[in-house]
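Accompanying notes for the structure given below.
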Amino acid sequence: MTRIDKENYYLDIAETVLERGTCLRRNFGAIIVNQDQIISTGYVGAPRGRKNCIDLGHCIREEKKIPRGERYELCRSVHAEANAIIHAPRDQMLGATLYLVGKEVTTGNYVENASACSMCKRLIINAGIKKVIIRTTKTTFKALYVEEWIENDDSLEGILGY
C-alpha cells in the first residue's frame, strides 16, 4: 500500500469541502493548514441569510456571459478563500498554507489555470498565509508563494503607466 502525500491529502479534503459550494458556474473548496493542523475551511456561497444561486436557479454573471475573472461585484457569492480566512484567527494563519481546489459545475473537471482572484490575493496576503497549493489534476498541483505576489505587485498594472 502506498501512502498519499500530504499535499494531496489536504487537497482531497478541500475537494470534499467544495461539494458544499452553491455556484452554478464553478465551485471551489479551500482549507487553511498550519503545522499540520486544519485551521479553517471555506467554500463558495452567498453571505449568510441570502439566497444562493442554486436556490434562485440562475447566475447573473452566467446570464450576462461575463468572462471568468471579471465583474466579481455582480456575483452573489463569497469566494472559498475568503470564507476560510473569515473563519480563522489571524494568529493561526501566520505562515500557513491555503489548499485550493476548483471544479467546473457543468463538466466536473478541475478549473483550468485556477488561481485566487485579485481580491482573494489581497486577503491571503493580509492573513499572513505564506503558500497556496492549487490542484491541477487528481494527483498534481502547483505551489504559489505569497511573497512573489507581494514582490510582483499586479495591482499596479494599468496604473501610473505600468
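Brief remarks on what is shown
- All conditions but one from (1) touching a strand residue (DSSP E or B) at 6+ places or on another chain (Cβ under 7 Å); (2) part of a loop (DSSP other than H, G, I, E, B); (3) without any contact (Cβ under 8 Å) to a residue 60 or more places away in the chain; (4) among the β-branched types (Val, Ile, Thr) apply to Ile124; the one that does not is (2).
- Meets criteria (at pLDDT 95 or above, open to solvent by 30 Å² or more (accessible area, probe 1.4 Å) and either out of contact with any Pro (no Cβ under 7 Å at 6 or more places or on another chain) or under 19 Å from Gln92 (Cα atoms) (or both)) for Thr16: yes
- Residue that is surrounded by the most Cβ atoms within 10 Å (Cβ to Cβ) [pool: residues in the range 50-89 that are touching a helix residue (DSSP H, G or I) at 6+ places or on another chain (Cβ under 6 Å) and under 27 Å from Asn34 (Cβ atoms)]: Glu81
- All told, Glu104 falls short of being within 15 Å of the chain's Cα centre (by Cα) and surrounded by 21 or more Cβ atoms within 10 Å (Cβ to Cβ).
- Residues in the range 122-162 that are modelled with pLDDT of 95 or more, more than 27 Å from Pro89 (Cα to Cα) and charged (D, E, K, R): Lys138 alone.
- Search result, residues across the range 21-46 that are at pLDDT 95 or above and either more than 30 Å from Lys65 (Cβ to Cβ) or open to solvent by 50 Å² or more (accessible area, probe 1.4 Å) (or both): Ile31, Ile32, Val33, Asn34, Gln35, Asp36, Gln37, Ile38, Ile39, Ser40, Thr41, Tyr43
The values are calculated or read from the model by the stated rules, or taken from the named source; none is laboratory data. None of these values were measured; they are calculated from a predicted model. Cβ sites come from the backbone with ideal geometry, for glycine too, and all protein chains shown count toward neighbours. Side chains are part of the model used for accessible areas, which takes the heavy atoms of the whole protein and leaves out ligands, DNA and RNA. Shrake-Rupley method; radii C 1.70, N 1.55, O 1.52, S 1.80 Å.
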